[in-house]
Amino acid sequence: MKEFSLQAEPFNGTWVDCVCNNAISILMVHDRNFEYLPCLADARYRLFSYGNCNESIEFPPGSSNIVTPLLDLARTLDLSPYLDYETLTPDKNDPVHQIIKDCLHSGFYLFVNVDRFYYPSGVDAGKNHLKHPAFIYGYNDGENAYLLIEDCIQPSKMENYMLPYDYFDEAIAAADSGTGTYNIVLVRSKDQEQRFFSSYTKDQMRGNLGFLLQEEESPFIDPSISSVDTGVTVAYGLPMIRHFAEMLEQRLAGILNDDFEHRALAIKNPYYYRKSTVQLPFLLHRMNGLDERHFQSLTDEYKKLCNDWNVCGNTLIKYYYKLKYRMELNGIAQSEMDTLKRLLVKLYEKERVLIDKTRAVLG
């Protein structure tokens, strides 16, 4: 067969990460309401530090791209209730292309770690070595290529992408770190009749809000560095928003580091999260937990919080370009810095109030 593909289309409702967004694409084949799933993610604000100093913005060479001087938000989405996973570890001499095609014909979508440096096009092609789980939903022998859904052209935007077989061979070989082995993760829906609106509960929502409020500090275990003790710590909790405001100048200085461009993902993460939670009042309304008047009022508050985080993210992007070309913090007026600090303090207060209101509704 020259061409074959499973059903899949890019999910761009809200950004979680490339694996979760593609997994949601699988679920939406049978129920498009799974687009609401990101608002049920466990999430916490976080700040990274290095060398036991909260103001530090220097990080070890080779550390993960997620280690950033900026305020970040970590999200995890448990997809195990909805999807079955199976891992294959073929021998390096096994016919990988035939294995992939056989799995596709058996109804499995695939995730395979590759190095996007070897892609023929995209932001990392020929520039950055980025180990990344490619999502394969089909192939086209006429084009000698796999059919992927990727964010390699525009980060955080999923699009259809064709990866030629020969480029795939280089990309998968580079991602195995010289071990000669690789994993293929097979994924498919547990139950094609499963429906999103019958799958979530108030207890799950209470758990999400409780997790958001949890505070914790611990060493950061970095998979990119072999040393157990990297000197990097990570602190979680709502107070991180306030702490980021208090050390804004020191943290923004980290933008001047040569490798910051690869650590910039955090800039809009709070906005992406709050964009997804705009749907929380609707989910409560669907389960008869919110009357029409309170539904509209709570939705408006979630939208305002989302818009404020969007302003914050766009301001940081503006500062990034100012600093990138002027190479000094003097490129940002003190009045601008003070305005951003006030916005962050306001965001902290809004987060607390909105969480309390939502918990009250949940009972």
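The values are calculated or read from the model by the stated rules, or taken from the named source; none is laboratory data. This is a predicted model, so every value here is computed, not measured. Positions of Cβ are backbone-derived with ideal geometry, glycine not excepted, and every protein chain shown enters the neighbour counts. Note: accessible area is taken over every heavy atom of the protein model, side chains too, but ligands, DNA and RNA are not part of it. Shrake-Rupley method; radii C 1.70, N 1.55, O 1.52, S 1.80 Å.
Between Asp291 and Ser199, the FRET efficiency from the beta-carbon distance, with R0 = 22 Å, is close to 0.40.
Comparing Glu193, Glu249, Glu170 in a Gaussian network model of the chain (Cα springs below 10 Å), the most mobile by mean-square fluctuation is Glu193.
Between Lys357 and Phe4, the C-beta separation translates, for a Förster distance of 56 Å, into a calculated FRET efficiency of about 0.65.
Take the residue pairs Lys2/Lys101; Lys2/Lys157; Lys157/Lys190 and return only those whose Cα atoms are more than 18 Å apart.
Result: Lys2/Lys157; Lys157/Lys190 exceed 18 Å.
Can you tell me how the stretch 84-240 classifies by the Cα gyration tensor, rounded, prolate or oblate, using a/c under 1.5 as the rounded cut? Cα axes put the stretch 84-240 in the oblate bin. When the charge dipole of the chain is built from unit charges on Cβ atoms (+1 for Lys and Arg, -1 for Asp and Glu) and taken about the Cα centre, the candidate among Leu163, Met337, Tyr319 whose Cα reaches farthest toward its positive end is Met337. Comparing Pro133, Asn93, Leu77 along the charge dipole axis of the stretch 23-175, the residue lying farthest to the positive side is Leu77, per the Cβ-charge model. Based on the convex hull around the alpha carbon atoms, the chain presents an average projected area of 19.1 nm². Any idea which of Leu290, Phe108, Ala245 is furthest toward the positive side of the dipole for the chain, if Lys and Arg beta-carbons carry +1 and Asp and Glu beta-carbons -1? It is Leu290.
Might you report the magnitude of the Cβ-based charge dipole of the chain about its Cα centre, with Lys and Arg at +1 and Asp and Glu at -1, to the nearest 20 debye?
Numbers: 37 positive and 50 negative charges, 299 e Å.
That gives the chain a dipole magnitude of about 1440 debye.
What the chain shows is 47 Å² of accessible area per residue, with the surface traced by a 1.4 Å probe over protein heavy atoms. Note on the chain: with a GNM built from Cα contacts shorter than 10 Å, the maximum mean-square fluctuation among Met337, Met28, Met240 falls on Met337. When the helices of the chain are scored as -39500 (n - 2.57) per DSSP H run of n ≥ 4 and the total is divided over every residue, the value at 222 nm lands at -12000 deg cm²/dmol. When each full DSSP H helix of the chain is screened for a Cα extent of at least 24 Å along its own axis and an average Kyte-Doolittle hydropathy of at least -0.5, the helices passing are 334-362.
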